[in-house]
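Undergrad: Quick one: the structure is below, and I'll ask about it shortly.
The values are calculated or read from the model by the stated rules, or taken from the named source; none is laboratory data. Worth saying up front: this structure is predicted, and the values here are computed from it rather than measured. Because the Cβ atoms are built from the backbone with ideal geometry, glycine has one as well, and the counts that use them run over all protein chains shown. All accessible areas refer to the heavy atoms of the entire protein, side chains included, with ligands and DNA or RNA removed. Shrake-Rupley method; radii C 1.70, N 1.55, O 1.52, S 1.80 Å.
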Amino acid sequence: FKVISIVGARPQFIKLAPFSIELRKSGIKEVILHTGQHYDENMSDLFFKELEIPEPDYNLGIGSSSHGEQTGRMLIGIEEVLIKEKPDVVIVYGDTNSTLAGALASSKLHIPLAHVEAGLRSFNKKMPEEINRIVADHLSDILFAPTETAVENLKREGIEKGVYLVGDIMFDALMHFSKLAKEKSKILEKLSLYPKGYYLVTIHRAENTDNPERLKSIFSALQELDKEVIFPIHPRTKNKVKEFGLEDYLKSRIRIIDPVGYLDMIQLEKNAYAILTDSGGVQKEAFWLKVPCITLREETEWVEIVKLKWNRLVGANKEKILEAVRNIKEGEDVNFEENYSAPKMREILVRELEKRGGEFK
Ligand code: UD1
Ligand code: UDP
């Protein structure tokens, strides 16, 4: 069998890594298509190197632009590759514009489509990711759902066929690379950080970065925290801070650093006193690493973690953020089963391909 994995943004490289290892182990031919949505060395190449993902077979070099232009150019490029490669199945990951373009291109060509991280919903259609997920799920033949909530969400939209509850690929990634992170990362020494001596912050969600009032409010809260704040800044956020002239809000207590690789990020997360973020992936990693998390959004797709009290949703309101920080405590004691999703996804893919002889639609 030949599969094509379509990726383009940072979290997708992390999701691809453990699945790609699993596919290679079982001798399945995997072609990797990178749309080029993310392109800075520390947003892209670094992950391929550190996580030992094979060099992409194709890089479309699409880069940044408006949603329509970016997605449209990806669609054109992906279609060409799919016609040439004739894969048995296309795999898309998560909810970015690269996911959307990959899903559209493959279903227009009637190539079977598998979606990793299917069924997540924030129920906020103003988020570009929500649109991308809904479309990708409705076009997919195989839907790898990470949680029971995701399976329920799909059921509510009439999608039951091809849905598999397999667990979370980001759990696989974290377990796989934690040991390596401990051995290799020198980030704590480099930044002179002590375990539990700092807050870790990430912000990149459009609803925050594109609204100067929300950014100001978050930054003002960070200035009042009782420990140093380490803030690996996403290029989108960096650009917006400049555009809105908010540099002064980031002075003193907030230590801005460039985006870090996954191994350094794991070490930073693991040793933080608490994490404040609007990232999807970081919320889950905080939970698995048992670090309290405060989410700078109004809603989350990962509602289970909120229920278990490891995560608190506070939005961008300064007082709410500070109140949550004052009340930081550990959530309910949870013992994780070793629930790896990559081997299950590989098995299901092979079974489905054999059963349907490549004809899904
Ligand atoms: C994208 C995804 C988002 C995901 C995030 C992960 C969409 C709609 N959004 O958001 O779901 O959570 O990736 O990080 O697909 N930029 C650079 N260098 C880069 C990449 C981006 O400078 O390597 C800057 C550019 O100014 C660009 C901006 O960041 O305009 C936004 O990049 P884009 O890929 O459009 O969206 P993200 O905000 O990164
Ligand atoms: N991450 C990283 N370096 C950073 C910030 C994040 O390696 O400087 C990792 C993080 O550990 C997680 C993933 O990137 O695995 C999350 O990606 P991001 O927050 O960009 O996107 P989201 O998950 O919100 O789509």
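Undergrad: Between ARG351 and LYS251, what's the calculated FRET efficiency when r is the beta-carbon distance and R0 is 35 Å? Round to 0.05.
TA: Details: r = 56 Å, r/R0 = 1.61.
Computed FRET efficiency for ARG351 and LYS251 comes out at 0.05.
Undergrad: Can you spot the lysines whose alpha carbon is less than 25 Å from LYS179's alpha carbon? Ignore those fewer than 8 places along the same chain.
TA: LYS15, LYS25, LYS49, LYS190, LYS196, LYS270, LYS284, LYS290, LYS344
Undergrad: Multiply the residue gap between GLU79 and LYS216 by 0.36 nm, knock off their C-alpha separation, and tell me the result in nm, one decimal place. List each step's numbers first, then the result.
TA: On the way: separation 137, 0.36 × 137 = 49.32 nm, distance 4.19 nm.
Separation in residues times 0.36 nm, less the Cα-Cα distance, equals 45.1 nm.
Undergrad: Measure nothing fancy, just the Cα-based angle from helix 342-356's long axis to the longest principal axis of the chain, in degrees from 0 to 90, nearest 10.
TA: The answer is roughly 20 degrees.
Undergrad: Averaged over every viewing direction, what's the projected area of the C-alpha convex hull for region 102-218? Give it in nm², one decimal, please.
TA: Average of the hull's projected areas for region 102-218 equals 10.7 nm².
Undergrad: Whole-Hz Karplus ³J(HN,Hα) for region 115-123, in order, using 6.51 cos²θ - 1.76 cosθ + 1.60 and θ = phi - 60°, x for Gly and Pro?
TA: 10, 8, 6, 7, x, 7, 9, 9, 6
Undergrad: Still on this structure: What distance in nm separates the two pseudo spin-label positions at GLU55 and PHE244, each 7 Å out from Cα along the beta-carbon direction?
TA: Modelled inter-label distance: 4.1 nm.
Undergrad: Would you please classify the overall shape of region 1-123 from the alpha carbon gyration tensor, given that a ≥ b ≥ c denote the square roots of the eigenvalues, rounded means a/c under 1.5, and beyond that prolate means a/b larger than b/c while oblate covers the rest? Intermediate results must be reported in sequence, preceding the final value.
TA: Numbers: a/c = 1.30, a/b = 1.06, b/c = 1.23.
Judged from the Cα gyration tensor, region 1-123 comes out rounded (a/c under 1.5).
Undergrad: Also: Helix 169-184 sits at what angle to the longest principal axis of the chain, using alpha carbons and giving 0 to 90 degrees rounded to 10?
TA: Tilt of helix 169-184: around 60 degrees.
Undergrad: Right, something else. Could you sort MET175, MET43 by their accessible area in this structure, using a 1.4 Å probe and putting the largest first?
TA: On the way: MET175 65, MET43 5 Å².
Ranking MET175, MET43 by accessible area, largest first, yields MET175, MET43.
Undergrad: How many nm separate the modelled label positions at ARG24 and SER64, each set 7 Å beyond the Cα in the direction of the Cβ?
TA: 3.1
Undergrad: If you don't mind, there's one more thing I want to ask. Using a 1.4 angstrom probe on the protein heavy atoms only, line up ARG356, ARG156 by accessible area, largest first.
TA: Values: ARG356 55, ARG156 160 Å².
Accessible-area ranking of ARG356, ARG156, largest first: ARG156, ARG356.
Undergrad: A further question on this structure: Please return the longest stretch of the chain lacking exposed loop sites, where chymotrypsin sites (Phe, Trp or Tyr not before Pro) count only if DSSP places them in a loop and at most 12 other Cβ atoms lie within 10 Å.
TA: On the way: sites that count: PHE123, PHE336.
Longest gap between qualifying sites, sites excluded: 124-335.
Undergrad: Given H placed 1.01 Å from N in the peptide plane, which residues other than close sequence neighbours of ILE294 have an amide H under 5 Å from its amide H?
TA: Those qualifying (amide H under 5 Å, at least 5 residues apart or on another chain) are ILE275, LEU276, THR277, ARG312.
Undergrad: Here's something else I'd like to know. Which is the longest stretch in the chain that no exposed loop site breaks, taking sites as GluC sites (Glu not before Pro) with a DSSP loop state and at most 10 other Cβ atoms within 10 Å?
TA: Working: sites that count: GLU160, GLU330, GLU332, GLU337, GLU338, GLU359.
Longest gap between qualifying sites, sites excluded: 161-329.
Undergrad: Hey, what's the Cα Rg ratio for region 290-348 versus the globular rule of thumb, 2.2 N^0.38 Å?
TA: Values: Rg = 15.0 Å, N = 59, 2.2 N^0.38 = 10.4 Å.
Its radius of gyration relative to the 2.2 N^0.38 Å reference: 1.45.
Undergrad: Simple spin-label model, 7 Å along Cα-to-Cβ: LYS155 to LYS179 in nm?
TA: A separation of 3.8 nm, rounded to one decimal place.
Undergrad: Also, I was wondering about something else. To the nearest 10 degrees, how steep is helix 10-25 against the longest Cα principal axis of the chain, on a 0 to 90 scale?
TA: Tilt of helix 10-25: around 40 degrees.
Undergrad: OK, next. From Cα coordinates alone, what are the radius of gyration and Dmax values for the chain in angstrom?
TA: Considering the chain through its Cα atoms, Rg and Dmax are 19.9, 61 Å.
Undergrad: Could you give each residue of region 283-294 its phi-based ³J(HN,Hα) in whole Hz, using Karplus coefficients 6.51, -1.76, 1.60 with θ = phi - 60°, and x for Gly or Pro?
TA: Along region 283-294, the couplings run 4, 6, 4, 4, 4, 5, 8, 6, 10, x, 10, 10 Hz.
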